[in-house]
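First up is the structure itself, then whatever we jot down about it.
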Amino acid sequence: MSSITDPEYLPVMESFYTIQGEGFFSGTPAYFVRLGGCDVGCVWCDVKESWDASQFDWVSIENITEEVKKSGAHVVVVTGGEPLMYDLSMLTKKLKEAGLQTNIETSGAYPITGDWDWICFSPKKFKEPLVEFYNSSHELKVVAYNKSDFKWALGHSQKMNKDAQLFLQPEWSKEKEMTPLIVDFVKKNPEWKISLQTHKYMDIP
């Protein structure tokens, strides 16, 4: 199966049951569905192998849902790549019918499709996000790669809905350099919290 327009199939790079490592749900058991395909082009992306969707098998939404159910997970995180390159309405419909919580991690570069319990909006400088995400997202997670990212993060937070959780996360390769700066920033801006990639510290797949 290889049609990008078929709503019953999605290009799955990998799927696995693990512990959410970052953001609001850090420490929570979750089943991850990582979709292939991304054109945002972050230079520091740690899953660049996800960018080319053509190298992955297209899996039926029925099979994706069955695998999640077999795992015993209650929370499903759809990520990528950039998952909203695809219409995810049918995926969330099937996951919801199975009684599962639907979470998504997205750059906000494509319109929202699907019925989501939690939207983690992680905007990137490489492709401007859509305005709809400032009102619709439950979580803003900004990856800090250099000092200029703090001002950039504040610019996004000022547009967010009042209930959104705000997280700053050091880019992994610059973790030692950026973490002290993030600590100082959060102390001065207590509406923000720190997100760490705890799965990398703990070597959790």
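The values are calculated or read from the model by the stated rules, or taken from the named source; none is laboratory data. If you're wondering where the values come from, they're calculated on a predicted model, not measured in any experiment. Positions of Cβ are backbone-derived with ideal geometry, glycine not excepted, and every protein chain shown enters the neighbour counts.
Brief remarks follow.
- The set of residues in the range 146-187 that are at pLDDT 95 or above and aromatic (Phe, Trp, Tyr) comprises Phe150, Phe167, Phe185.
- Only strands (runs of 3 or more DSSP E) whose full extent lies in the range 49-154 are considered here, and the ones with at least 3 residues that are in contact (Cβ under 8 Å) with a residue 24 or more places away in the chain and either buried (at least 19 other Cβ atoms within 10 Å of the Cβ) or touching a Cys at 6+ places or on another chain (Cβ under 7 Å) (or both) are 75-79, 101-106, 139-144.
- If you go through the range 155-180 and keep only what is touching a residue at least 60 places away in the same chain (Cβ under 8 Å), crowded, with 21+ Cβ neighbours inside 10 Å and over 16 Å from Cys45 (Cβ atoms), you end up with just Phe167.
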